[in-house]
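Everything on this sheet refers to the single structure shown next.
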Amino acid sequence: MMDLVLRSLLILSLALAGRLFLRSKDLSATERLARSLLPPALLTTVGVFAKFILLAPFWDRNASRLVGAFCFKLGLPLYPSPDSGAVQSMNYPPLAAILFWPATLFSTPTHALLAGALLTIFYFYAPVLCVFYYYGKHPPEKNSGSWISIFFLAFVMICLNTTSLSYSGFRLHADAPALGLGALACLFCSTGSLFASALCAASAIWTKQSLVPLLIALPFYVSIARGGKVALRYSVQLTSVLALFLLLTLTHVKAGDLLFNLIYISRKPWAGPIGNLLPLQWREMFLQHLLLPIMLFAFGRPAISFRDWRSWITNNPWTLWVIVAFAMTPVALMNRCTAGGDVNAFSLASYYLTIGAFVLLLSHWENRRIALCLVALLCVTELPALFHFGLAGILNGLPANPQEVAFNYARAHPGDAYFPWNPLSTLMAEGKLYHFEPAVTDWALAGHPLSEDHYNRYIPAAARIIAYPADNEFTHETTLKRLPQFNQRTDVQDLPGWMVYRREK
């Protein structure tokens with residue numbers, strides 16, 4: 001049935017595209033192609049978003065990142081103390097959890113994760129659409145609404161094919177809201193709404209501390225565009241809002257626990273010799289994540305003036321995004337080079353540089369064919385996968401996703417099993433929070449391994465089994481070394497295909 005619905009939508013979008021093409025004979029060839037391409041491109045984008053939303057419950061880390069929001073709802077501590085509390089991967093400021101609070105309105109992990117994935121996409125892409133709308137309407141252009149849509153869909157195409165942006169834009173993480181708030185801060189900064197910019201920038205930093213270069217990049221731009229006194233006033237506003245956030249947080253969180261989790265536990269060793277790592281990661285960052293937006297800048301043909309560079313920067317708002325991306329680059333590289341650092345670290349730079357490239361293209365409408373080509377590629381590469389074997393298969397397998405299976409088992413057998421990779425499931429089923437295995441590893445990497453007493457207090461005391469989803473991509477050494485008595489592989493009817501260990505008899 002689902003396949004029939006999807007194929008019907010595809011046929012309908014193609015029929016609408018043909019109708020628009022035939023009814024726009026008075027337009028230029030480029031305009032006709034743009035109008036006719038919109039229906040299938042919009043359908044493709046909605047399908048891509050739906051695909052990643054439906055996939056969210058199948059990745060265990062997505063679920064772990066909603067734990068903080070549920071801690072707020074249930075009145076549990078957001079941050080564990082050095083010697084007490086179930087450790088989780090929540091080494092970010094509290095706004096990262098608060099922004100996902102709407103997902104806690106649902107009573108099962110599947111529905112909560114679908115809501116969380118929808119929020120992720122909204123936080124990541126909605127600010128970009130606002131940026132494109134503002135710059136696309138100033139100055140106004142004929143059929144600018146259609147072209148703004150085309151440029152936005154082209155941005156989606158680049159995100160799908162850039163691993164850092166695909167990670168940050170489609171997986172539950174502090175990245176999406178932090179980057180989106182940073183984009184709004186840049187937009188308000190370029191339009192002169194400095195208090196709104198300061199509020200958004202402070203919110204971005206209080207969502208993910210890696211956005212702290214905004215404290216330097218945005219005042220630097222303001223000092224060029226508006227003068228030193230205005231930049232100083234803006235800096236005071238920015239730091240004042242941050243101080244207010246800190247004071248509000250300290251009314252609910254102990255200062256020691258906050259600093260311990262945000263600074264001490266977040267500080268991990270390098271993944272290898274830094275002299276070898278840094279060139280390799282810079283090469284990966286440039287070739288896979290920055291080369292394409294730099295090429296878009298070349299297509300935009302920016303006219304660079306060094307005679308009156310202050311007024312030139314002010315009159316070319318895309319320069320703000322380049323300044324921010326440049327400021328983010330050292331932090332992005334350091335995050336990637338640390339133990340456990342993933343490719344999403346590069347999105348700190350690639351997100352803002354890609355937006356800047358599109359802001360430049362939007363100010364040179366003659367380059368719109370570039371956006372058309374990217375949107376055409378989006379349709380050609382994504383439509384077949386979505387509507388022939390993509391969405392329907394994911395939707396059919398959704399009830400058997402690992403978060404829901406663990407939730408149903410924990411609800412039927414409370415305290416019987418320890419799910420080291422599924423803390424959200426047991427939290428929602430039993431109201432109890434247990435250790436998340438990767439967080440236990442992170443604490444050890446940060447130089448603060450859990451004591452035996454601390455570890456044992458936050459696992460089910462009477463657990464008979466330890467269970468891992470069948471497609472869990474990591475080894476289980478951390479938990480099995482801590483609990484060597486669980487050394488017998490077994491099968492459990494309610495956990496089909498899972499890797500289950502029971503106590504030695």
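The values are calculated or read from the model by the stated rules, or taken from the named source; none is laboratory data. Computed from a predicted structure; not experimentally measured. Positions of Cβ are backbone-derived with ideal geometry, glycine not excepted, and every protein chain shown enters the neighbour counts. Quick note on the areas: whole protein, heavy atoms, side chains included, nothing else; ligands and nucleic acids left out. Shrake-Rupley method; radii C 1.70, N 1.55, O 1.52, S 1.80 Å.
Let a ≥ b ≥ c be the square roots of the eigenvalues of the Cα gyration tensor of the chain; is it rounded (a/c under 1.5), or, if not, prolate (a/b larger than b/c) or oblate? Oblate, since a/c reaches 1.5 and b/c is not below a/b.
Among 360, 54, the order of accessible area from largest down is 54, 360, computed with a 1.4 Å probe on protein heavy atoms. Rounded to the nearest 10 square angstrom, residue 216 shows an accessible area of 120 square angstrom against a 1.4 Å probe.
The calculated FRET efficiency for the pair residue 342 and residue 122, based on their C-beta separation and a Förster distance of 22 Å, comes to about 0.50. What fraction of the Cα pairs in the stretch 147-240, stated in percent, has a spacing above 16 angstrom? Above the 16 Å cut-off, the stretch 147-240 has 58 percent of its Cα pairs. Placing a pseudo-label 7 Å from each Cα along the Cα-to-Cβ vector at residue 314 and residue 29 gives an inter-label distance of 4.3 nm.
With a Förster radius of 25 Å applied to the beta-carbon distance between residue 111 and residue 61, the computed FRET efficiency rounds to 0.85. Among 361, 129, 38, the sequence by solvent-accessible area, most first, with a 1.4 Å probe is 129, 38, 361.
Mean sequence separation of contacting Cα pairs (under 8 Å, at least six apart), scaled by the length of the chain, corresponds to a relative contact order of 20 percent. Ranked by the mean number of other Cβ atoms within 10 Å of their residues, highest first, the peptides 227-236, 334-343, 58-67, 175-184 fall in the order 175-184, 58-67, 334-343, 227-236. A 1.4 Å probe run over the protein chains yields, for the chain, 44 Å² of accessible area per residue, whole-number rounding.
Helices in the chain, meaning DSSP H runs of at least 4 residues, each add -39500 (n - 2.57). Divided by all residues, the mean residue ellipticity at 222 nm is -20000 deg cm²/dmol.
The charge dipole of the chain, taken about its Cα centre with unit charges on the Cβ atoms of Lys, Arg (+1), Asp and Glu (-1) only, comes to about 1160 debye.
Between 0 and 90 degrees, the angle of helix 274-285 with respect to the longest Cα principal axis of the chain falls at about 50 degrees. 3J(HN,Hα) along the stretch 17-29: 4, x, 5, 5, 5, 5, 8, 10, 5, 7, 8, 5, 4 Hz, from the Karplus curve 6.51 cos²θ - 1.76 cosθ + 1.60 with θ = phi - 60°, whole Hz, x for Gly and Pro. Using a probe of 1.4 Å, the accessible surface attributed to residue 295 totals some 90 Å² when neighbouring protein chains are kept in position. If you line up the long axis of helix 368-388 against the longest principal axis of the chain, both from Cα atoms, how many degrees apart are they, to the nearest 10? Here the helix axis deviates by roughly 40 degrees. The modelled label-to-label distance for the pair residue 240/residue 270, using points 7 Å beyond Cα in the direction of Cβ, is 4.2 nm. Only lysines eight or more places from residue 25 in sequence, or on another chain, were considered; those with a Cα closer than 20 Å are 142.
Quick check: from the Cα gyration tensor, does the stretch 331-404 come out rounded (a/c under 1.5), prolate or oblate? Because a/c hits 1.5 or more and a/b fails to exceed b/c, the stretch 331-404 counts as oblate. Of 455, 133, the residue with the largest accessible area leads and the full order is 133, 455 (1.4 Å probe). Helix 175-191 and the longest principal axis of the Cα set of the chain meet at an angle near 30°. Note on residue 377 and residue 334: the model spin-label points, each 7 Å out from Cα along the C-beta direction, lie 3.3 nm apart. Ranking 495, 251, 445 by Cα position along the charge dipole of the chain, where only Lys, Arg, Asp and Glu carry charges on their C-beta atoms, puts 251 farthest toward the positive end.
Note: relative contact order over the stretch 1-91, using C-alpha pairs below 8 Å and six or more positions apart, is 18 percent. Were the residues from residue 413 through residue 298 laid out at 0.36 nm apart, the gain over their Cα-Cα distance would be 35.3 nm.
Need one value: the accessible area of residue 162 in square angstrom, 1.4 angstrom probe, rounded to the nearest 10. Roll a 1.4 Å probe over it and residue 162 shows about 10 Å². Note on residue 232 and residue 326: the extension gain reaches 31.7 nm, defined as 0.36 nm multiplied by sequence separation minus the Cα-Cα distance. If a spin label sat at a point 7 angstrom from the Cα of residue 451 along the line to its beta carbon, the backbone N atoms of the stretch 80-117 nearer than 19 Å would be those of 80-88. Across the accessible surface of the chain, with the other protein chains kept in place and a 1.4 Å probe, carbon and sulfur atoms take up 65 percent.
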